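Have a look at the structure below, then the notes.
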């Protein structure tokens, strides 16, 4: 049931954070999203998604190192929580079950 | 943009947001160029401006944090110093209520006659009289044609009658209404639109009515009915065809009418209005907007002189902007000499004064009080507050007090507005949702807060923190002088107001009680209605005199408290050719002199039995003085082609308002002209008498309702503006005294508080109550003396000017000033002694060990 509150954008971002391991923060996630999906997303939008996921408990965050590119500002690095991982699993499982039931078409 | 981000962003999120944005920016610069990168950055910064990234109040150092603290401290102070806050708020509130009402009143006065075309001008005539020029608001009818034809500066003109009463039929009933005979241009000049039909004056017997009258005649659904072309009948069986319904004339207008009938019909029915000699009509014009009033005036002033053929009774004309007709309604020697505008000015001035003393109170109290808050300012400064922050704090506090006071004041205005409307005879609506008013109101609060808060704020922020914390702050010499000066100003205003009230009150009472030369009490006046022939009048008279409660009755052509008709025609042996005298003319019957109780000086009264008396005249003493023969009784007097004799001289009596002196008067015995019937009632039997009159009246007037007025009320109505100002200024004086008292109370209490220890020691050493009183009051009484010295000549100067507008005025007496001084002094002493007693009754031990 807990997986129900996750939208497609949120799921994608969650997967990206999972895939990026230690290097997931605003800009990197946004770039990865763009390269994977081909759609662009703004920084404020990605921040909103990340924050929302954190509030829901799928992500946790910690501060990382600062670079000169960032005007000496620290990064907020995100990590998928166990609960987040479980939710992603559930989503995948549901989807796979449904795929099992689907008739096969060859395109 | 980056700075904006830093300004709004809270510390928690600034790192990730600014960091991410800057990183993105660098990348964008490399990929898309600097312009796009900047644009994107800017857009993103704006998009991040949302509650989640904003600074939390209380977390950082921002203006909001300070404001919150100021407000918190302000309310703590209010709570701690309840009495002092109450005095401040109430004082300001009264001042605001007072000035707000006057603002509403003045605004309403200013709205008068503003609806017409801006170039609309009213035509007046300057009639020369010996020694002076009388300005009339009436003109002859042929003037219109002359103005239209010979003076291009006049673009349009209309001639119309004075208000006429009419009774219009509605089923079995009649509706009473007031209206005019007019030429069509009046509606264009006054900008009055038609909601039905149009400005059509054809046929001759047609009529235009107002929406108000349409509703009365045709009922509430008149708008959906086809009423144009219908016939309206009046009580004289005259039929009019309805041609149009015009929008109601605004309430604020000197021209009021509910119907308009073609002027040509008036000329048919009353051919005499066509003559130059008949100054009985009104003329209004619009002038070419390229000319000023003065230029136009210069061109047209000789219109009558140049075009009147018979060269008798000629006079210059004068144009007055229609928009000024209401406020500038007094004329002296052929020029416009103020009028109602004076009262607008007086009251505006008074309102500003009252508001000023309320503000001064506030300033005085706050500054005086500031000593006890010096520690607070000291600590704030030690903790790093800048002077400007402390200034802000005190301004903030004043704003809060002003805001509370004005919110209360607004509520009071709302509650009291109906009473105010009754008092002033106006109908001012209160529009709470008026955007302009709301905006002005906010501005007003800011302004008053700034004015009254600025001095305390500057003063408080100037303390040196070390001294403030040690508690040795003293008021500087300048601040003491300023405060005393303000106090003196308050006393001056209060004294001036009281002198004003007493003078105005006495003058008004003088007018009301002045011996007018006749007894104005117990006289009822009503229109004769259908009692038009001599026989009808006589039988009415006989029947009425037999009824209970009736003492006397008489008939006159015009209202005897406002005789307006006059003539320069009377000729007598010995009158020189260049002697131009206008005599007031009163047409009446032999009952007039006994009924009005006017004493005869010499000669005899008219006699009912002698029809030849209709050729004879009675004059007043003033006329006798002008005719200037040893014994005018028996002198021949030729008048309007009628040769007769003077048979009597009566004592002078007032025939107009007390603004003007008594004019020479000729009384004629003219039996058919009794349009007004005056009945003297037996004293104390008013109700019986009125019933008697109504009973007899309705026998003679099946159609008309019996409507009457009392002569003394009518006389008072001529001085309505004075009566109103008397009432308003009374309230003002009371308010200003209350405000002064509140301020004084506060200051005395503060002074006593500061002297607590001194008083304690004195008490222990056996000081008496009176010596303590002297200690506290000495300063205040000295200030009061200075104020009295300033106030007396100032108020004398202003009031003498006002009194000069009356031909009959009271004299200034020492008692007026003495009374004012005594009143204020009494209040001052009472306030001080109540405080002295309060302090002295405390146990001195408590005062001495209060550390």
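The values are calculated or read from the model by the stated rules, or taken from the named source; none is laboratory data. This is a predicted model, so every value here is computed, not measured. Cβ placement follows ideal geometry from the backbone for every residue including glycine, while neighbour counts extend to all protein chains displayed.
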- [ ] Report whether or not residue A:61 is under 17 Å from residue A:10 (Cβ atoms) and at the interface with another protein chain (Cβ under 7 Å from one of its Cβ atoms).
- [x] no
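Quickly run through the range B:759-773 and pick out the residues that are free of Cβ contacts under 8 Å to residues at least 24 places away in the same chain, surrounded by 14 or more Cβ atoms within 10 Å (Cβ to Cβ) and part of a helix (DSSP H, G or I).
B:762
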Task: Hits in the range B:567-599 - residues which are within 38 Å of the chain's Cα centre (by Cα), closer than 13 Å to residue B:668 by Cβ and modelled with pLDDT under 75 - done: B:567
Task: Members of the range A:59-85 found to be touching a residue at least 60 places away in the same chain (Cβ under 8 Å) and more than 12 Å from residue A:18 (Cα to Cα), listed by number - done: A:83
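For every residue, the table says whether it meets (1) surrounded by fewer than 15 Cβ atoms within 10 Å (Cβ to Cβ); (2) touching a residue at least 40 places away in the same chain (Cβ under 8 Å); (3) at positive phi; (4) out of contact with any strand residue (DSSP E or B) (no Cβ under 6 Å at 6 or more places or on another chain).
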{"site": "B:146", "(1), (2), (3), (4)": "no, yes, no, yes"}
{"site": "B:157", "(1), (2), (3), (4)": "no, yes, no, no"}
{"site": "B:170", "(1), (2), (3), (4)": "yes, yes, no, yes"}
{"site": "B:174", "(1), (2), (3), (4)": "no, yes, no, no"}
{"site": "B:181", "(1), (2), (3), (4)": "no, yes, no, no"}
{"site": "B:189", "(1), (2), (3), (4)": "no, yes, no, no"}
{"site": "B:203", "(1), (2), (3), (4)": "yes, no, no, yes"}
- [ ] Would you confirm whether any residue within the range B:824-841 is closer than 30 Å to residue B:506 by Cβ and surrounded by fewer than 15 Cβ atoms within 10 Å (Cβ to Cβ)?
- [x] yes
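Residue-by-condition table, conditions (1) outside the structural domain of residue B:187 (by TED's automatic domain parsing); (2) under 19 Å from residue B:182 (Cα atoms); (3) surrounded by 21 or more Cβ atoms within 10 Å (Cβ to Cβ); (4) modelled with pLDDT of 90 or more:
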residue: B:85; (1), (2), (3), (4): yes, no, no, no
residue: B:99; (1), (2), (3), (4): yes, no, yes, no
residue: B:108; (1), (2), (3), (4): yes, no, no, no
residue: B:112; (1), (2), (3), (4): yes, no, no, no
residue: B:154; (1), (2), (3), (4): no, yes, yes, yes
- [ ] Go through (1) more than 10 Å from chain B (Cβ to nearest Cβ); (2) farther than 20 Å from residue B:38 by Cα; (3) without any contact (Cβ under 8 Å) to a residue 24 or more places away in the chain; (4) crowded, with 16+ Cβ neighbours inside 10 Å and name the single condition residue A:41 misses.
- [x] (2)
TODO: May I ask you to verify whether residue B:504 is in a strand (DSSP E or B) and surrounded by 18 or more Cβ atoms within 10 Å (Cβ to Cβ)?
DONE: no
Task: Verdict on residue B:558 being in contact with a strand residue (DSSP E or B) (Cβ under 9 Å, 6 or more places away or on another chain), closer than 16 Å to residue B:620 by Cα and surrounded by fewer than 19 Cβ atoms within 10 Å (Cβ to Cβ) - done: no
- [ ] Scan the range B:278-300 for residues that are free of Cβ contacts under 8 Å to residues at least 40 places away in the same chain and surrounded by fewer than 17 Cβ atoms within 10 Å (Cβ to Cβ) and report the count.
- [x] 4
Task: Residue identified as buried (at least 18 other Cβ atoms within 10 Å of the Cβ) and outside any loop (DSSP other than H, G, I, E, B) among B:722, B:694 - done: B:722
Open item on the list: Would you confirm whether or not the range A:9-31 contains a residue that is surrounded by fewer than 19 Cβ atoms within 10 Å (Cβ to Cβ), within 11 Å of chain B (Cβ to nearest Cβ) and under 20 Å from residue B:27 (Cβ atoms)?
Closed with: yes
TODO: Run residue A:77 past the list (1) assigned to a helix (DSSP H, G or I); (2) at pLDDT 85 or above; (3) within 12 Å of another protein chain (Cβ to nearest Cβ) and report the number of the one that doesn't hold.
DONE: (1)
Open item on the list: Out of the helices (runs of 4 or more DSSP H) lying entirely within the range B:1-69, which hold 2 or more residues that are more than 9 Å from every other protein chain (Cβ to nearest Cβ) and at pLDDT below 75?
Closed with: B:2-8, B:11-32
TODO: Output the strands (runs of 3 or more DSSP E) that fall wholly within the range B:621-690 and possess 1 or more residues being in contact with a helix residue (DSSP H, G or I) (Cβ under 9 Å, 6 or more places away or on another chain) and modelled with pLDDT under 80, or say none.
DONE: B:642-650
Open item on the list: Is it the case, given these coordinates, that residue B:584 is within 19 Å of residue B:646 (Cα to Cα) and not in a loop (DSSP other than H, G, I, E, B)?
Closed with: yes
TODO: Would you check which residues across the range B:483-510 are farther than 22 Å from residue B:732 by Cα and modelled with pLDDT under 80 and list them?
DONE: B:483
- [ ] Pull up the range B:159-168, narrow it to residues that are under 30 Å from residue B:303 (Cα atoms) and modelled with pLDDT of 85 or more, then point me to the one that is surrounded by the fewest Cβ atoms within 10 Å (Cβ to Cβ).
- [x] B:162
Task: Leading residue by the ranking (surrounded by the most Cβ atoms within 10 Å (Cβ to Cβ)) among those in the range B:665-691 that are over 17 Å from residue B:543 (Cα atoms) and out of contact with any strand residue (DSSP E or B) (no Cβ under 8 Å at 6 or more places or on another chain) - done: B:671
Task: Test: residue in the range B:504-518 that is within 19 Å of residue B:780 (Cβ to Cβ) and touching a residue at least 60 places away in the same chain (Cβ under 8 Å) - done: no
- [ ] Select the strands (runs of 3 or more DSSP E) contained entirely in the range B:219-274, then report the ones holding at least 3 residues which are surrounded by 14 or more Cβ atoms within 10 Å (Cβ to Cβ).
- [x] B:239-246, B:259-262
Open item on the list: I'm trying to understand the selection: among the residues of the range B:535-556, which are assigned to a helix (DSSP H, G or I) and either farther than 16 Å from residue B:523 by Cα or in contact (Cβ under 8 Å) with a residue 60 or more places away in the chain (or both)?
Closed with: B:535, B:536, B:537, B:538, B:539, B:540, B:542, B:543, B:544
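Matching residues to (1) modelled with pLDDT under 85; (2) outside the structural domain of residue B:127 (by TED's automatic domain parsing):
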| site | (1), (2) |
| --- | --- |
| B:298 | no, no |
| B:301 | no, no |
| B:307 | yes, no |
| B:312 | yes, no |
| B:317 | no, no |
| B:326 | no, no |
| B:336 | yes, yes |
| B:339 | yes, yes |
| B:343 | yes, yes |
- [ ] Name every residue in the range B:237-249 that is at pLDDT below 90 and within 40 Å of the chain's Cα centre (by Cα), in order of residue number.
- [x] none
Task: Scope the range B:328-352; condition under 13 Å from the mean Cα position of the chain (by Cα) and in a helix (DSSP H, G or I); matching residues - done: B:340, B:341, B:342, B:343, B:344, B:345, B:346, B:347, B:348, B:349, B:350, B:351
Open item on the list: Of the conditions (1) surrounded by 15 or more Cβ atoms within 10 Å (Cβ to Cβ); (2) within 14 Å of another protein chain (Cβ to nearest Cβ); (3) at pLDDT 85 or above, residue A:67 satisfies every one except a single condition; which number is it?
Closed with: (3)
